[in-house]
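The values are calculated or read from the model by the stated rules, or taken from the named source; none is laboratory data. If you're wondering where the values come from, they're calculated on a predicted model, not measured in any experiment. Cβ sites come from the backbone with ideal geometry, for glycine too, and all protein chains shown count toward neighbours.
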Amino acid sequence: MKILVIFAHPRFESSVVQRKLLDRVGDIDAVTIHDLYGAYPDFHIDAESEKTRLLQNDIVVLQHPFYWYSVPAIIKEWLDLVLEFNWAYGPRGDALQGKFLMSALSTGGDEHAYRQSGRNRFPIEHFLAPLNQTAHLCGMGWLKPFIIYSGRRLSAVELSRKAADYRHILAGLSDGSIDPLDMLAPGYTMPATQKMG
């Protein structure tokens, strides 16, 4: 399967975790990395060329740091402009049906912060619900998110291990040794293949 990594980091020059993840997957033949801030520093996203990229790939990974419980601004802009009615969803919007969407993110806080009893009050999957629903609306499978908690506090060895795990997942999805249907998020059911409306 061909994988498109939609990458966004508004402060990539200071990145530790996200840079390490990119370094580990950049040489996988079936993986294309598309840096949104690099491609569109003015936020003028070329929706038609983005649609072409999506059609050429089977799995879309949104890779980013977790900013204010969400994606960086340019990913939201990308979603707003590219996933158009009657293209990605709606009565004639079936362009992405049968493909898969995954989130690969890093947080500043630790895993305990993302619990009902933690300072962020909700598990991280709750904050990712809009992406889960986006996948469903577009007829896509929503894969288990790849999460690195408290990334800047990890040792170099721990970070390398996490990056190797990420590489294992993307390489396995691309070469078929991992079935994306086995990677669906808990409780997620692949949408029916009929047109969504």
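If a residue counts only when it is crowded, with 20+ Cβ neighbours inside 10 Å and touching a residue at least 40 places away in the same chain (Cβ under 8 Å), which helices (runs of 4 or more DSSP H) contained entirely in the range 1-61 have at least 3 such residues?
17-25
Go through (1) out of contact with any Gly (no Cβ under 7 Å at 6 or more places or on another chain); (2) surrounded by 20 or more Cβ atoms within 10 Å (Cβ to Cβ); (3) among the small types (Gly, Ala, Ser) one by one and return the number of the condition Ser106 breaks.
(1)
Please work out which residue is nearest to Pro123 (Cα to Cα), limiting yourself to the range 142-177 and to residues that are touching a residue at least 40 places away in the same chain (Cβ under 8 Å) and among the hydroxyl-bearing types (Ser, Thr, Tyr).
Of everything passing the filter in the range 142-177, Tyr149 is nearest to Pro123 (Cα to Cα).
Pick from Val61, Val31, Val17: which is at pLDDT below 95 and touching a strand residue (DSSP E or B) at 6+ places or on another chain (Cβ under 6 Å)?
Val17
Could you list, in sequence order, all residues of the range 121-160 that are assigned to a strand (DSSP E or B) and among the hydrophobic types (A, V, I, L, M, F, W, C)?
Correct list: Trp142, Leu143, Phe146, Ile147, Ile148.
Go through the range 161-197 and count every residue that is assigned to a helix (DSSP H, G or I) and either charged (D, E, K, R) or closer than 23 Å to His112 by Cβ (or both).
The number of residues fulfilling the criteria is 8.
Under 9 Å by Cβ, and 6 or more places apart or on different chains, what pairs join a residue from the range 70-89 that is under 16 Å from Cys138 (Cα atoms) and modelled with pLDDT of 95 or more with one that is surrounded by fewer than 20 Cβ atoms within 10 Å (Cβ to Cβ) and among the polar types (S, T, N, Q)?
Cβ pairs passing all conditions: Lys76/Ser70; Leu79/Thr134; Leu83/Thr134; Ala88/Thr134; Tyr89/Thr134.
For the subset of the range 107-140 comprising residues that are over 17 Å from the mean Cα position of the chain (by Cα) and either over 28 Å from Leu154 (Cα atoms) or charged (D, E, K, R) (or both), which member is modelled with the highest pLDDT?
Result: Arg121.
Output the residues belonging to the range 67-99 that are more than 15 Å from Asn132 (Cβ to Cβ), in a loop (DSSP other than H, G, I, E, B) and of a type outside the set (A, V, I, L, M).
Trp68, Pro72, Glu84, Asn86, Trp87, Gly90, Pro91, Arg92, Gly93, Asp94, Gln97, Gly98
Got a sec? Which of Ala171, Ala164 is among the aliphatic types (A, V, I, L, M) and surrounded by 14 or more Cβ atoms within 10 Å (Cβ to Cβ)?
Ala171
Can you pull out the residues in the range 135-152 that are surrounded by fewer than 21 Cβ atoms within 10 Å (Cβ to Cβ) and over 25 Å from Arg167 (Cα atoms)?
Taking the range 135-152 as the starting set, the residues that turn out to be surrounded by fewer than 21 Cβ atoms within 10 Å (Cβ to Cβ) are 136-137, 144-147, 149-150, 152.
Hits for the range 135-152 are His136, Leu137.
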